Amino acid sequence: MRVCAISDLHGLLPPIEACDLLLLAGDLCPVRDHSLSAQWRFLDGPFRAWLAGLPARHIVGVAGNHDFIFERAPKLVPADLKWCYLQDSSVEKNGMTIYGTPWQPWFRNWAFNLYEDDLKEKWNLIPDRVDVLLLHGPPSGFGDLTTDGRRTGSPSLLKRIEQVKPKLVVFGHIHESFGHWTINGGETTLANVSHVNEKYRPIHAASVFEL
C-alpha cells in the first residue's frame, strides 16, 4: 500500500502524489486567524475543495495544536468532508488499522495540550494491535528537537510505541525536526512529516511510504 503523509500545513494546500492512503497529521488551519469562524471558513471552503481533488483513495487525519475548532467547537467542523477524522479512535483502511490522536505536551495555551500524566492516559487508549499510528506531537527523542536544543516529545508516548510496535508512526508539530527514524529493531518507522519549517515556509513535500 502506497502511503503519503504530511503535517503542519498551516493553511497551505500542496499537491499530493497519487496514493492509496493519505495521512494528515494536524495543524491544518491557517496561522493568521485562529478564530473559530475563520477556521470553519477554511475547512468548508479551500480545505474541502483540496480534499475533493486529491488523488488518494483514502484520507485520514487528526487535528493539531493550532486547530482550535476541533477541540472547542467540534460540531462546527463540516461533517461531510472527504476524509476520516480521528480523535482517540481508529479506522480500518485496506486491511490496515489506523489509530489517530491529536494530543501533545503542554505548550502555551494551544489546543489539545496535556501534561505528561494525562498524556499517558491518552496513550493507554492506543490499541495493542495497530498498523499505523497517526499523531500530531512526537515521541520523546524522535522528531522533537527544537532550534534552541530542547527535546519536547512525550516519554510515555515512546514507551507505548515500543509496546505496540506499529509499522508506521507519523507526526509533526516540531517543524524544524523533519525526518525519519526506525526503532523496535527496524519494525517501526517514525516520521516527522512537517510541511513547513520553523519560519512557516513550505519546504517538504509529503513523505511516501510503502506498507
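The values are calculated or read from the model by the stated rules, or taken from the named source; none is laboratory data. In this text the structure is predicted, and so the values were computed from the model without any measurement. Glycine also receives a Cβ, built like all others from the backbone with ideal geometry; neighbour counts cover every protein chain displayed.
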Please work out if K75 is within 20 Å of I98 (Cα to Cα) and surrounded by fewer than 17 Cβ atoms within 10 Å (Cβ to Cβ). no
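For the range 167-211, give me every one of the strands (runs of 3 or more DSSP E) that falls completely inside it and has 3 or more residues that are buried (at least 22 other Cβ atoms within 10 Å of the Cβ) and modelled with pLDDT of 95 or more.
Where strands (runs of 3 or more DSSP E) fall fully within the range 167-211 and carry at least 3 residues being buried (at least 22 other Cβ atoms within 10 Å of the Cβ) and modelled with pLDDT of 95 or more, they are 168-171, 188-192.
Being surrounded by 15 or more Cβ atoms within 10 Å (Cβ to Cβ), touching a Lys or Arg at 6+ places or on another chain (Cβ under 7 Å) and touching a residue at least 12 places away in the same chain (Cβ under 8 Å) is true for just one of C4, C19. Which residue is that?
On the way: C4 fails: touching a Lys or Arg at 6+ places or on another chain (Cβ under 7 Å).
C19 is the lone residue from the list that is surrounded by 15 or more Cβ atoms within 10 Å (Cβ to Cβ), touching a Lys or Arg at 6+ places or on another chain (Cβ under 7 Å) and touching a residue at least 12 places away in the same chain (Cβ under 8 Å).
Looking for whichever is assigned to a helix (DSSP H, G or I), under 25 Å from C4 (Cβ atoms) and modelled with pLDDT of 95 or more here; the options are L133, L157. Which one fits? Steps first, answer last, please.
Working: L133 fails: assigned to a helix (DSSP H, G or I).
It is L157.
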Read through the list (1) crowded, with 16+ Cβ neighbours inside 10 Å; (2) within 17 Å of P15 (Cα to Cα), then give the number of the only condition that R57 fails. (1)
All but one of (1) of a type in the set (A, V, I, L, M); (2) touching a helix residue (DSSP H, G or I) at 6+ places or on another chain (Cβ under 7 Å); (3) without any contact (Cβ under 8 Å) to a residue 12 or more places away in the chain hold for A49, so report the exception by its number. (2)
Residue satisfying condition, being surrounded by 22 or more Cβ atoms within 10 Å (Cβ to Cβ) and on the phi < 0 side of the Ramachandran plot, within set D128, D144, D118, D148: D144
Taking the range 79-115 and keeping only residues that are surrounded by fewer than 15 Cβ atoms within 10 Å (Cβ to Cβ), basic (K, R) and either outside any loop (DSSP other than H, G, I, E, B) or in contact with a Ser or Thr (Cβ under 8 Å, 6 or more places away or on another chain) (or both), one is left with none
